[in-house]
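Some notes on the structure that comes next.
What follows is calculated from the coordinates using simple rules that are stated; it is not laboratory data. Since the model is a prediction, treat every value here as computed from it, not as a measurement. For neighbour counting, all protein chains shown are included, and Cβ atoms are generated from backbone atoms with ideal geometry for every residue, glycine included.
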Amino acid sequence: MAKIKNFYVCQSCGYESAKWLGRCPGCSSWNSMVEEIKNTKPEREAIVSSSSSPKRIGNIVSGEKERYDTGIQELNRVLGGGLVKGSLTLISGDPGIGKSTLLLQTANNIALKYGKVLYASGEESEEQIKIRGDRLGASSDNLYIVSETNVGVIARYVEEMQPAFVIIDSIQTMYKDTVASAPGSVSQVRECSNELMRIGKNNSIPLFIVAHVTKQGELAGPRVLEHMVDTVLTFEGERTEDFRVLRTVKNRFGTTSEIGVFEMNSQGLREVYDPSGLFLQETNFNQEGSIIIGIMEGTRPLLVEVQALVSDTKIPVPRRTALGVDYSRISLILAVLEKKNRVYFYSSDVYVNVVGGLNIDGTTADLGIALSLFSSSKGVCSKIEKVVAVGEIGLTGEIRPVANCDRIVNEAKKLGFKNIVIPYRNLDKITIEGINVIGVNTLKEAINKVF
């Protein structure tokens, strides 16, 4: 006989407790413990199947060359070259950012090329998806739409149809009959994800799962969801802007440093093959507090504009606001400017923003941020026409070398920039003609040469 057991589960991290707690011991979140019911069944002897028996690694056929082409090159880039058979991919993003639009376009492309595709939605009806499909031109006869929230029913559809691709929108709306808790709870999300993973692995079907995000922009639900899937993608961008950035957080079949750039229009998401031109299309060069920086996103060099505003304040604790860059890096750069260059910010509000809403990782943008802060603080503009800054700043004020500097220099040349400031130790590896390459050793030297 199965026993019914009541327990409390944290909806943020999945921590389980026999009694209710006001504060979760696992993640320290308040009022996140929800009562759930678990059916415990006696253990039975495991049955060994031929499909799960151990095999020699040399006899296993790799599926690396059997990727599906999604028909969207930017999505293929982020996935590592295409969809791997049997893979489980999780995509998240703010509401209205374009997740369903991207997946419907992908589903139509795969349906046209590979066969049946099943789009299971628990949030929209078939008529609503049809309206979006008409706008996007998704009209393949092999594209099947179903509005269903029961994972068991979806599994039966998959067994009957044997589609080439399955989309679940979204995992928070799905439920399993054997779990007594409500849809979206930790137990339901865990069990539904397990069932979907079993479906994909056993039938070699790639699955895409849509997930909600919290108010802080993090993936909603337990962290175990990220560990179960093969790939985690995040869709970034402002809904008031036209472009979107698709970024890889986890990828078992490729790199996690690639990004895909899209532009939203009335016909859906359009791929952007020249993202640097998109980010710089409305830039007015040689303005106070504005510097063009070069960064690497995966294998792709990007040029973006970073703006800084330094204004006097009367409040005891000045504001420090960073959008698109790490706040701790801004604090480090401010400290170096004050200690090594005598540029003081203790009585000033500091705002730093990456134009276009792109989030920058790494330290390649340090030099450009420092130059923009100096420019705004002193009220001066660059004396060098159309300049790009690349480099990492150390605590002693030195400019440290960065990787793939030659590719960033080449990208600046293609976009018509005439000057670029780089670390001096990267200078000997640059053989590109047609652009003035300026090598600097310290932040003070860079400031003297640019201003």
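Close amide H contacts of R400 (hydrogens built in the peptide plane, cut-off under 5 Å, sequence separation of 5 or more or a different chain): E392, I393, G394.
How would region 67-273 be classified by its alpha-carbon gyration tensor: rounded, prolate or oblate, with rounded meaning a/c under 1.5 and the a/b versus b/c comparison settling the rest? In terms of gyration-tensor shape, rounded.
The Cα atoms of region 278-450 define a convex hull whose projected area, averaged across directions, is 9.1 nm².
Straightening the chain between V249 and Q128 buys 40.5 nm, computed as 0.36 nm per residue apart minus the Cα-Cα spacing.
Averaging the Cα positions of each part gives two centres, and for region 343-371 and region 258-309 these lie 16 Å apart. Given R₀ = 22 Å, what would the calculated FRET efficiency be for V153 paired with N194, taking r from the Cβ atoms and rounding to 0.05? Plugging the Cβ-Cβ distance into 1/(1 + (r/R0)^6) gives 0.85.
With a Förster radius of 51 Å applied to the C-beta separation of L415 and M228, the computed FRET efficiency comes to 0.75. In a fully extended conformation the segment linking R425 and R135 would gain 99.2 nm over its present Cα-Cα distance, using 0.36 nm per residue.
Summing +1 for each Lys or Arg and -1 for each Asp or Glu among the other residues whose beta-carbon sits under 12 angstrom from that of I333 gives 0. Which of the residue pairs K314/K444; K339/K386; K386/K414; K339/K378; K19/K176; K85/K201 have a Cα-Cα distance greater than 18 Å in the structure shown? Where the Cα-Cα span goes over 18 Å, the pairs concerned are K314/K444; K339/K386; K19/K176. Note on L443, L415, L334: ascending count of other Cβ atoms within 10 Å places them as L415, L334, L443, the fewest first.
Gain on full extension, evaluated as 0.36 nm per residue between K449 and D349 minus their Cα-Cα distance, stands at 33.4 nm.
Computed from phi, the 3J(HN,Hα) profile of region 305-311 under the Karplus parametrisation 6.51, -1.76, 1.60 (θ = phi - 60°) reads 9, 10, 10, 10, 10, 10, 10 Hz, with x in place of Gly and Pro.
Residue order for H227, H212, fewest other beta carbons within 10 angstrom first, comes to H227, H212. In whole angstrom, region 280-349 maps to an equivalent ellipsoid with semi-axes of 26, 15, 12, each derived as √(5λ) from the alpha carbon gyration tensor and ordered largest first.
Against the chain, whose longest principal axis is taken from its Cα atoms, helix 405-414 shows a tilt of about 80°. Among F243, F374, F165, a tally of other beta-carbon atoms within 10 Å of each Cβ gives an order, fewest to most, of F243, F374, F165. In this structure, V146 and I432 have a Cβ-Cβ separation that, at R0 = 60 Å, corresponds to a calculated FRET efficiency of about 0.65. Per-residue ellipticity at 222 nm from helix content only, as computed over the chain with -39500 (n - 2.57) for each DSSP H run of at least four residues, stands at -8000 deg cm²/dmol. The share of Cα pairs per 20 Å bin across the chain, counted from zero up to the longest distance, runs 22, 45, 29, 4, 0 percent.
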